[in-house]
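First comes the structure, then the notes that go with it.
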Amino acid sequence: MSASLLLGIFALAAVLHGMVGIGFPLITTAALALVMPLPQAVALTLLPTLLLNLGSLLPPHRLPAVIRRYAPLALASVAGSLLGVYLLLILPAAWLQLALALATGFYVLSSLRRDLPALPQGLPATLLLGLLAGVVGGATNAMSSILMMVLLAQSRDRHEIAQAANLCFALSKLVQLLVLWPVLQQLPLGWDMIGLLCLAAVIGLLAGLALRQRMAFGHFRLLCLLVLSVLALLMGWRGLQGLLG
């Protein structure tokens with residue numbers, strides 16, 4: 001994959017991430033996984049994704065309330081991420097990817113109705129869903145699909161949804177970074193290219209955040225469902241590749 005194409009993919013994925021709060025790690029990982037092993041693809045996206053997650057927590061004055069409300073979900077996702085990133089190193093992810101693609105597709109089709117599909121409520125359900133999201137995110141970089149199901153069912157505030165999602169994402173990336181640091185150091189691209197990818201991601205994020213300010217919740221929800229549909233297709237394709245390859 002050429003450097004210009006790589007930079008373009010990272011920039012466009014970052015614009016989308018800034019608009020809806022999700023999408024960057026899975027889109028970039030899916031593209032990279034076509035030309036390199038999945039652990040290397042996940043490792044290459046780590047630093048740009050972490051920067052985007054931290055940037056997406058803006059504005060900071062809303063963050064304390066988001067942390068108080070979604071702390072159980074975030075902590076459960078961290079525990080799941082630790083397990084998931086170790087599974088990434090020892091297990092094939094194809095079956096998990098296919099199952100996630102089917103579940104996400106069912107959710108999107110159900111969401112085309114007036115009401116969002118009902119999800120289990122209460123602290124135990126939140127912890128279970130957060131743990132599941134963390135395992136999937138740590139192993140495949142696809143935490144966004146499960147998290148957005150939870151967050152869209154709990155809130156109608158697009159800024160709160162984006163901040164809560166990226167709080168979980170950022171904590172998960174820190175876990176992945178600790179475990180995958182040796183893989184990141186062995187990547188052939190070099191730190192200069194990783195720095196350029198980070199810059200492209202930040203520029204794309206700023207553009208996406210500006211576009212988000214002009215978006216009504218209805219449009220935001222539809223765009224989230226569209227992103228989830230694309231993610232489901234990408235995960236299904238990656239899963240089939242893993243099974244057939």
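The values are calculated or read from the model by the stated rules, or taken from the named source; none is laboratory data. Since this is a predicted model, take the numbers as computed values, not measurements. Note: ideal-geometry Cβ built from the backbone for every residue, glycine included; neighbour counts use all protein chains shown. To get the accessible areas, we keep the full protein, side chains included, count just its heavy atoms, and leave off ligands, DNA and RNA. Shrake-Rupley method; radii C 1.70, N 1.55, O 1.52, S 1.80 Å.
Identify, from the list Leu180, Leu171, Leu184, the residue that is open to solvent by 10 Å² or more (accessible area, probe 1.4 Å), in contact with a helix residue (DSSP H, G or I) (Cβ under 6 Å, 6 or more places away or on another chain) and at pLDDT 85 or above.
Criteria check complete, one pass: Leu171.
Looking at region 232-243, I want the residues that are of a type in the set (Lys, Arg) and have a partner that is in a helix (DSSP H, G or I) with Cβ atoms under 7 Å, at least 6 apart or on another chain. Which pairs are those?
Arg238/Ala30; Arg238/Gln97
Before we move on, is Ser77 among the hydroxyl-bearing types (Ser, Thr, Tyr), on the phi < 0 side of the Ramachandran plot and modelled with pLDDT of 75 or more?
yes
Between a first residue in region 57-73 that is on the phi < 0 side of the Ramachandran plot and a second residue that is aliphatic (A, V, I, L, M) and not in a helix (DSSP H, G or I), which pairs have beta carbons less than 8 Å apart while being 6 or more apart in sequence or on different chains?
Leu63/Leu57
Could you give me the residue pairs with C-beta distances under 6 Å whose first residue belongs to region 153-176 and is under 23 Å from Ala79 (Cβ atoms), whose second residue is of a type in the set (Phe, Trp, Tyr) and in a helix (DSSP H, G or I) wherever it lies, and which are 6+ apart or on separate chains?
Final answer for the pair search is Ala164/Tyr70.
Counting only residues that are in a helix (DSSP H, G or I) and more than 14 Å from Met215 (Cα to Cα), how many does region 150-159 have?
Residues in region 150-159 being in a helix (DSSP H, G or I) and more than 14 Å from Met215 (Cα to Cα): 5 in total.
Would you check if Ser145 is in a helix (DSSP H, G or I), crowded, with 20+ Cβ neighbours inside 10 Å and among the hydroxyl-bearing types (Ser, Thr, Tyr)?
Spelling it out, Ser145 is indeed in a helix (DSSP H, G or I), crowded, with 20+ Cβ neighbours inside 10 Å and among the hydroxyl-bearing types (Ser, Thr, Tyr).
Among the numbered criteria (1) more than 18 Å from Ile9 (Cβ to Cβ); (2) among the small types (Gly, Ala, Ser); (3) within 17 Å of the chain's Cα centre (by Cα), which one does Ala201 miss?
Ala201 satisfies all of (1) more than 18 Å from Ile9 (Cβ to Cβ); (2) among the small types (Gly, Ala, Ser); (3) within 17 Å of the chain's Cα centre (by Cα) except (1).
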